[in-house]
Amino acid sequence: MALVVQKFGGTSVGSIDRMRNVARRALRARAQGHDVVLIVSAMSGETNRLLGLAHEVTGVPDAREMDVIAATGEQVSAALVAMAVQAEGGQARSLLGHQVKILTDDAFTKARIRAIDGSMIRETLAEGKIAVVAGFQGVDAGGNITTLGRGGSDTSAVAVAAAINADVCEIYTDVDGVYTTDPNICSSARKISRISYEEMLELASLGAKVLQIRSVELAMKYGVAVHVRSSFSDVEGTWVVAEEKSLEDVVVAGVAYDKNDARVHVMGAPDQANVVADLFGAIADRNISVDMIIQSATTGPERAVTFTVPKSDLTRARPFIEEVAKRIGATEVRYDEDVVKVSIVGLGMRSHAGVAAKMFRLLANEGINIQAISTSEIKVSCLIHAKYTELAVRALHDGFGLANEAGGK
Ligand code: ADP
Ligand code: ASP
Ligand code: MG
C-alpha cells in the first residue's frame with residue numbers, strides 16, 4: 001500500500017465528464033489499496049476568465065483581491081471532483097488551502113509556501129476518504145487567501161507530497177510526459193523517459209510550462225519522486241529524478257522558449273562607472289527581475305545597455321526606467337515586445353565544448369539574428385524576434401539530434 005498524490009491540471013478537469021474520469025482513476029488506485037490525495041486545478045480557461053473580470057473593473061487590480069477571486073476556480077473544481085468521487089460510489093472530502101493549512105508568505109499572486117500542516121489530510125485519509133485539495137491557493141499568517149503564481153497547482157502537489165511523505169507525486173496533464181520540446185509546436189518532439197531535477201528546473205524556468213519552476217525546486221529539495229503523465233491514457237510518462245550518470249551523456253536534453261519577456265534598450269548613456277549600477281539598482285528596488293543584460297562595447301563617449309524584463313512588469317517599469325535613464329544622462333529608451341528567448345538545456349554541456357557555437361550556427365543557417373545571449377553551466381539562451389519562434393525551436397531541436405532515438409548525444 002502506498003500514499004499517492006495525483007495532481008490534475010485544467011484540461012484534465014475541464015468538464016464534468018473529465019472530472020468523472022479523474023474520480024475513476026483515483027478510485028482505481030484506492031481499489032489497489034493506496035491512500036489517495038488529489039490536487040486539482042481550476043477548469044481550463046477559468047483562471048483567465050476570473051483574472052479578466054478583475055481587469056475589467058480596473059487596470060491595476062488590488063493583488064489581495066485578485067487572489068480572493070483567482071482562488072475560487074480551484075474551490076469549484078475541488079468540490080465537483082469530491083462529488084464525482086461520491087457519485088462513483090467512493091468517499092471523498094474537499095479541502096481548501098486554508099483548511100489544509102498551506103501556509104504561505106503574503107506576496108499576493110506569487111506567494112511561496114512556508115509550511116504545510118498535513119494533519120487534516122491525514123485525518124481524511126484515516127477515515128478511508130480521498131482528500132481532494134484545491135491547488136494553487138494558500139493562506140498567509142494574517143489569514144488572507146494567497147495564490148502561488150500561474151501554474152501553481154504543480155507546486156501545491158509537490159509541496160503536499162513532501163509534507164505527507166507521499167511515495168509518488170503524479171502530475172496528470174494534457175501531454176503524456178515531458179518532451180524534448182513543446183510537442184504542441186514541434187512535431188518531432190519526443191517524450192523523455194527520465195530527466196534530472198536540474199535539467200527540468202532549467203527547462204521550467206526557460207518557459208516549458210509543463211511544470212511550474214517552484215514545484216521542481218521543491219521536488220529536488222525534498223527528493224519527491226515526480227511522474228508527469230497523461231490524464232487521458234495509462235502510458236508511462238516522464239520521471240523527474242536526481243542526477244544519474246547516464247543522463248550526463250546527453251549534451252542537449254531539451255529546447256524551451258519563453259515569450260514572456262520584453263527587451264529594453266537604453267541608448268546614449270555616458271561611459272561612466274555608475275551607469276549600470278544606478279540603472280539596475282533602481283529596477284531591483286522596484287522588485288522587477290531583469291534577465292538578460294548586454295552592455296555594448298564603447299568606442300566613443302557613450303554606451304548602450306540592453307536588457308529584458310517580464311512583459312507583465314513593463315507598464316509598471318516604464319516610468320522609472322525613463323526617469324533613471326534621464327538621470328544617468330541616456331538619450332533614448334526603446335522597448336520591444338516582439339521577442340522570444342529560445343534555450344537549449346543539458347547536463348552534458350558541462351563536459352562538451354562548442355555547444356553554444358553550434359546553437360548560433362543553427363540559428364544563423366535559418367537567417368535568424370540573435371539580439372542577446374546568456375549562458376549558465378547547463379543552458380544557453382538566445383533572444384530573437386518572436387516571428388521566428390517555431391522555426392528556431394525546430395532548427396535547434398532537430399539540429400541537436402533530438403528528433404532521433406539517440407537524442408542529443
Ligand atoms: P496543466 O493545465 O495540466 O497544468 P499546462 O498547460 O500547464 O498543463 O502544461 C502542459 C503544457 O505544457 C503542454 O500542453 C505543452 O504545450 C506545454 N509544454 C511546453 N514545453 C513542454 C515540454 N518540454 N514537454 C511537455 N509539454 C510542454
Ligand atoms: N489555475 C491556475 C492557473 O491557471 C493554477 C494551475 O492551473 O496550476 O495558473
Ligand atoms: Mg500547469
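Restricting attention to helices (runs of 4 or more DSSP H) lying wholly within segment 1-100, give those where 1 or more residues are more than 14 Å from ligand 2 (Cβ to nearest atom), within 29 Å of ARG316 (Cα to Cα) and basic (Lys, Arg).
On the way: elements: 16-31, 46-57, 63-87, 97-100.
Ranges flagged: 63-87.
So in segment 133-158, with the set limited to residues that are assigned to a loop (DSSP other than H, G, I, E, B) and within 13 Å of ligand 3 (Cβ to nearest atom), which one is surrounded by the fewest Cβ atoms within 10 Å (Cβ to Cβ)?
Result: GLY149.
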Practice task
Return only the number of the condition from (1) touching a helix residue (DSSP H, G or I) at 6+ places or on another chain (Cβ under 6 Å); (2) closer than 27 Å to GLU377 by Cβ that VAL276 does not satisfy.
Solution key: (1)
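If only one of ALA161, ALA115, ALA189 is away from ligand 2 (no atom under 14 Å from the Cβ), hydrophobic (A, V, I, L, M, F, W, C), assigned to a strand (DSSP E or B) and farther than 26 Å from GLY52 by Cβ, which one is it? Can you show your working first?
Numbers: ALA161 fails: assigned to a strand (DSSP E or B); ALA189 fails: assigned to a strand (DSSP E or B).
Unique residue meeting the criteria: ALA115.
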Exercise for the section: All but one of (1) within 20 Å of SER381 (Cβ to Cβ); (2) surrounded by fewer than 16 Cβ atoms within 10 Å (Cβ to Cβ) hold for ILE288, so report the exception by its number. Expected result: (2)
Practice task
Go through segment 196-215 and give me each residue that's out of contact with any Asp or Glu (no Cβ under 9 Å at 6 or more places or on another chain) and either modelled with pLDDT under 95 or not aliphatic (A, V, I, L, M) (or both).
Solution key: GLU202
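If you take the residues in segment 218-241 that are small (Gly, Ala, Ser) and surrounded by 15 or more Cβ atoms within 10 Å (Cβ to Cβ), which one is nearest to ALA159 (Cα to Cα)?
We begin by selecting, within segment 218-241, every residue small (Gly, Ala, Ser); these are 219, 223, 225, 230-231, 233, 237.
Then drop every residue that is not surrounded by 15 or more Cβ atoms within 10 Å (Cβ to Cβ), which leaves 219, 225, 230-231, 237.
On the way: ALA219: 8, ALA225: 12, SER230: 21, SER231: 21, GLY237: 20 Å.
Among residues in segment 218-241 that are small (Gly, Ala, Ser) and surrounded by 15 or more Cβ atoms within 10 Å (Cβ to Cβ), the one nearest to ALA159 (Cα to Cα) is ALA219.
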Practice task
Select, from LEU396, LEU391, the only residue that is part of a helix (DSSP H, G or I), surrounded by fewer than 17 Cβ atoms within 10 Å (Cβ to Cβ) and more than 20 Å from the chain's Cα centre (by Cα).
Solution key: LEU391
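Answer yes if at least one residue in segment 129-146 is away from ligand 1 (no atom under 13 Å from the Cβ), on the phi > 0 side of the Ramachandran plot and of a type in the set (Val, Ile, Thr), and no otherwise.
First pass over segment 129-146, keeping only residues away from ligand 1 (no atom under 13 Å from the Cβ): 129-134, 137-146.
In the following step, the residues that additionally are on the phi > 0 side of the Ramachandran plot were identified as 143.
From the residues that got through so far, the ones that are of a type in the set (Val, Ile, Thr) too are none.
No; the residues of segment 129-146 include none that is away from ligand 1 (no atom under 13 Å from the Cβ), on the phi > 0 side of the Ramachandran plot and of a type in the set (Val, Ile, Thr).
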Exercise for the section: State whether the residues of segment 169-182 include one that is within 16 Å of ligand 3 (Cβ to nearest atom) and either farther than 19 Å from SER12 by Cβ or part of a helix (DSSP H, G or I) (or both). Expected result: no
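The values are calculated or read from the model by the stated rules, or taken from the named source; none is laboratory data. Since the model is a prediction, treat every value here as computed from it, not as a measurement. All Cβ positions, even for glycine, are placed from backbone atoms using ideal geometry, and neighbour counts span all protein chains on display.
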